[in-house]
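Since the structure comes first, as structure tokens, the remarks are kept for the end.
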Amino acid sequence: MSTPHLEFEKDIAELEAQIARLQAMARKQGLEAGRELRVLERRLEALRLEAYRNLTPVERVQLARHPKRPYALDYIEGAFTDFVELHGDRLFRDDEAVVGGWARLEGRTVMVIGHQKGRDMKQNLRRNFGMPHPEGYRKALRLMRLAEKFGHPIVTLIDTPGAYPGIGAEERGQGEAIAMNLREMARLRVPTVAVVIGEGGSGGALALGVADRVLMLENATYSVISPEGCAAILWKTNAAKDKAAEAMKITAADLAALGVIDEVVPEPLGGAHTDPAQAVANLRAAVARHVAELERLSPEERRRRRWEKYERMGVWREEPAAVAP
Amino acid sequence: MTWFRKEKQKLRAADRRDLPTDVFDKCPECGEILYRARLEQNVNVCPTCGHHRRIAADDYIRLLADEGSFEETEAELRSADPLGFVDLKPYTQRLEAAERATGRGDAVVTGLAELEGIPVALAVMDFEFIGGSMGSVVGEKIARVARRALDERRPLIIVSASGGARMMEGILSLMQMAKTSVALAELHEAGIPYISVLTNPTTGGVTASYGMLGDVNLAEPGALIGFAGPRVIEQTIKQELPSGFQRSEFLLEHGMVDHIVDRRMMKATLARLLRHMLGLPVPAAAAEGGAAEPAAAAAAAEPKPTTPRARRRRNGRPSREERSAD
């Protein structure tokens, strides 16, 4: 019961507590409570299915930000082997909101790069809550160029509230750093696979996200602005964040429908944190499959397809006749 | 209990509008009362303090394109409301209102033109259209004009003015950053020059894509240019921002733009840069005149700031402590 539960999980948590109490009582008093337990467990199962199969966008936001959710390093340690972290952008400093280095995916060397959040306040001072400064993006680009040099695929793991909005970040060119990553990721000749594993926070997420294949974990979100930010600007009140989350279409299923992402990677029922090993296994299988598929294409073909994919992004009409693109 | 009540008469906006505001105008920077016709003749740069007012996309095109050379392209593109987005107002209503107000289909005008005789592809953003925000149409028009630049091997110039991505198109607006950057990657590989001109304000998704990707980045004086907006930064770091923060002069100091160019010198500066990048000779007329260094010329054309506020803004630099605060 150490996992903190979310608002919509209250009923589930209560039932779980009830089952635990009954089990404890049965053990202590040597009573036979198997039947009652089975009934309760069936009810719990139904309740969980009901809750997690129909999550609202704002509930998924809560899961995507869950403090127990696996972060980039958890996936790197779990789904990859032989990880050697590389540090620094060679220009200013090492930004620990971004991690990256060589690793093996089913034996094959890849460059893996991700946003890294901290688990507690102390870690978050180092990791800046997963919000990179320009040097984080420049480190990522340095590592991508390294992968390019040696012809190894690149895997990025996206999980950030956004690029850090601060004085130093602006002085050192946050906009330029993101823009350069977008352009240079477009130009890479090696296979690139990006996975949104938690929060895909706007430009700060996209700066690791221009790739041949973009995948999203089932409960991850990806949006142009946080629901809170959107609500504050368009509805003039933070209280409208549910409406904003709904209106902006930020869930994995929505983005797949819009053609922005290529695949939704399933999570264990209740979210990746309820069974991290399963989440890691699902991610490894999906990423390995896409890398293998991409490696069968020539570098020219990969780039052509990547460019065409981004050239198609968006929906517009041409007057006077309304034509879908 | 009152015996009679005096009807309160509100000042109606219509009464005020009857004043001859079309003859004189007050500079928001130095407070000088300016003769409107003279201001317009001066491309909306205050003759006293050099403050650059925002101008419409059409006016900027007139400023840059040789007379009669501009041919608009992709004028028929319109936003399609892909998400059926409704906040306090439906997105479609916002679009209609913006089109009525600006006479433009969306927040950017694109086309082909000649600039001092050099064929160029040109895109100029219009801040008056939903804050110059970038949605699918802006992204598509930028991508298409870049494609024309690529096909016809014309240099590309984009004049930006934008609050960032258009939230009402959700993730699709974010993807326009990727789309435009991909288009510029192709241009980059083909060795075709791209110059980014940043005007007040350019923030968010536009800064973090084509705004900052110029082979040369130019900025108008005093323009707000940045990734995060100043309000967001203030709320995050919980302190007041130094004066001059995120202004053109601050970006020049930090190495993010190549030049601050007075609007009155913008065309000549662009032409000189393009001729260098394209390997074109100095035209006979300019060679005789002994064209000056663009920045120096711009500085000469620009009178010294006269008010303390204007001076502070121009010279405003964050102090050492403020800079290391973050």
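Considering the zone a paramagnetic label at A:Arg305 would reach in this model (a point 7 Å from Cα along the Cα-to-Cβ line), which residues of the range B:156-191 have amide N under 16 Å from it?
The answer is none, because no backbone nitrogen lies closer than 16 Å to the label point.
Return the FRET efficiency for the residue pair B:Met277, B:Glu71: r is the Cβ-Cβ distance, R0 is 30 Å, and the value is rounded to the nearest 0.05.
Working: r = 23 Å, r/R0 = 0.76.
Between B:Met277 and B:Glu71 the formula returns 0.85.
Of all the Cα-Cα pairs you can form in the range A:206-325, what percent are over 23 Å apart?
Value for the range A:206-325 (Cα pairs over 23 Å): 48 percent.
Would you mind ranking B:Phe129, B:Phe4, A:Phe92 by Cβ crowding within 10 Å, fewest neighbours first?
B:Phe4, A:Phe92, B:Phe129
Per residue of B:161-172, what is the mean number of Cβ atoms on other protein chains within 10 angstrom of that residue's Cβ?
Numbers: counts 0, 0, 1, 4, 4, 1, 10, 5, 6, 14, 16, 10.
Taking the mean over all residues of the peptide, I get 6.
So what is the relative contact order for the range A:126-203, in percent, with contacts set as C-alpha pairs under 8 Å and at least six apart? Don't skip to the end; give the middle numbers.
On the way: 92 pairs, mean separation 36.4, N = 78.
That works out to 47 percent.
I need two numbers for the range A:9-54: Rg to one decimal and Dmax as a whole number, Cα atoms only, in Å.
My reading of the Cα-based Rg and Dmax gives 11.7, 39 Å.
Dipole of the protein assembly as shown, Cα-centred, from +1 at each Lys and Arg C-beta and -1 at each Asp and Glu C-beta, to the nearest 20 debye?
Roughly 1260 debye, rounded to the nearest 20.
So how strong a dipole does the range B:54-279 carry about its Cα centre when Lys and Arg Cβ are +1 and Asp and Glu Cβ are -1, to the nearest 20 debye? Let's see the in-between values first.
Values: 23 positive and 31 negative charges, 57 e Å.
Computed charge dipole of the range B:54-279: roughly 280 debye.
In whole angstrom, and with the biggest value first, how far do the Cα coordinates of chain A range along each principal axis?
Reported extents, whole Å, longest axis first: 68, 55, 43.
Can you put A:Asp74, B:Asp22 in order, fewest other beta carbons within 10 Å first?
So the residues, fewest neighbours to most, are B:Asp22, A:Asp74.
What is the Cα coordinate range of the protein assembly as shown on the first, second and third principal axes, sorted by size from largest, in whole angstrom?
102, 89, 58
Past the 29 Å Cα-Cα mark, which pairs from A:Lys236/B:Lys8; B:Lys26/B:Lys238; A:Lys68/A:Lys243; A:Lys10/A:Lys241; B:Lys89/B:Lys238; B:Lys26/B:Lys179? Each step should come with its number before you reach the end.
Numbers: A:Lys236/B:Lys8 31 Å; B:Lys26/B:Lys238 34 Å; A:Lys68/A:Lys243 26 Å; A:Lys10/A:Lys241 21 Å; B:Lys89/B:Lys238 32 Å; B:Lys26/B:Lys179 41 Å.
The pairs that break the limit, which is 29 Å between Cα atoms, are A:Lys236/B:Lys8; B:Lys26/B:Lys238; B:Lys89/B:Lys238; B:Lys26/B:Lys179.
Let me check against my output: what whole-number percent is the relative contact order of the range B:4-162, with C-alpha pairs under 8 Å and at least 6 apart?
17 percent.
Exactly which trypsin sites (Lys or Arg not before Pro) in the range A:193-298 are in a DSSP loop and have at most 11 other Cβ atoms within 10 Å?
Qualifying residues, ordered by number: A:Lys236, A:Arg296.
From Cα pairs below 8 angstrom and at least 6 apart in sequence, can you work out the relative contact order of the range B:54-279, rounded to a whole percent?
16
For a quick check: sort B:Asp25, A:Asp11 by the number of other beta carbons within 10 angstrom, fewest at the front.
Working: B:Asp25 19, A:Asp11 15.
The order, fewest Cβ neighbours first, is A:Asp11, B:Asp25.
To the nearest Å, what is the center-to-center distance of the range B:94-129 and the range A:32-83, using C-alpha atoms only?
The two parts, judged by their Cα centres, are 50 Å apart.
Summarise the partner chain shielding of B:245-258 as one whole number: the mean count of Cβ atoms from other chains within 10 Å of each residue's Cβ.
Mean number of neighbouring Cβ atoms from other chains: 2.
Set the Förster radius R0 to 30 Å, insert the Cβ-Cβ distance between A:Leu6 and A:Glu295 as r into 1/(1 + (r/R0)^6), and round the FRET efficiency to 0.05.
The pair A:Leu6/A:Glu295 has a calculated efficiency of 0.15.
How many Cβ atoms of partner chains, on average, are near each residue of A:219-225 if near means within 10 Å of its Cβ?
5
Among all cysteines in the protein assembly as shown, which have no other cysteine Cβ under 4.7 Å from their own Cβ?
Cysteines lacking a close Cβ partner in the protein assembly as shown: A:Cys230.
Starting from the exponent 0.38 and prefactor 2.2 Å, build the expected Rg for the range A:1-135 from its residue count and divide its actual Cα Rg by it.
Here the Cα radius of gyration is 1.50 times the empirical estimate.
Just A:Gly314, A:Gly259, A:Gly198 to compare: in a GNM of chain A, with alpha carbon springs under 10 Å, which one fluctuates most?
Largest GNM mean-square fluctuation: A:Gly314.
How many nm separate the modelled label positions at B:Arg62 and B:Gln235, each set 7 Å beyond the Cα in the direction of the Cβ?
3.9
Taken together, the values in this text are just the output of simple stated rules run on the coordinates, not laboratory data. Fair warning: this is a prediction, and the values are worked out from it, not measured in the lab. Cβ sites come from the backbone with ideal geometry, for glycine too, and all protein chains shown count toward neighbours.
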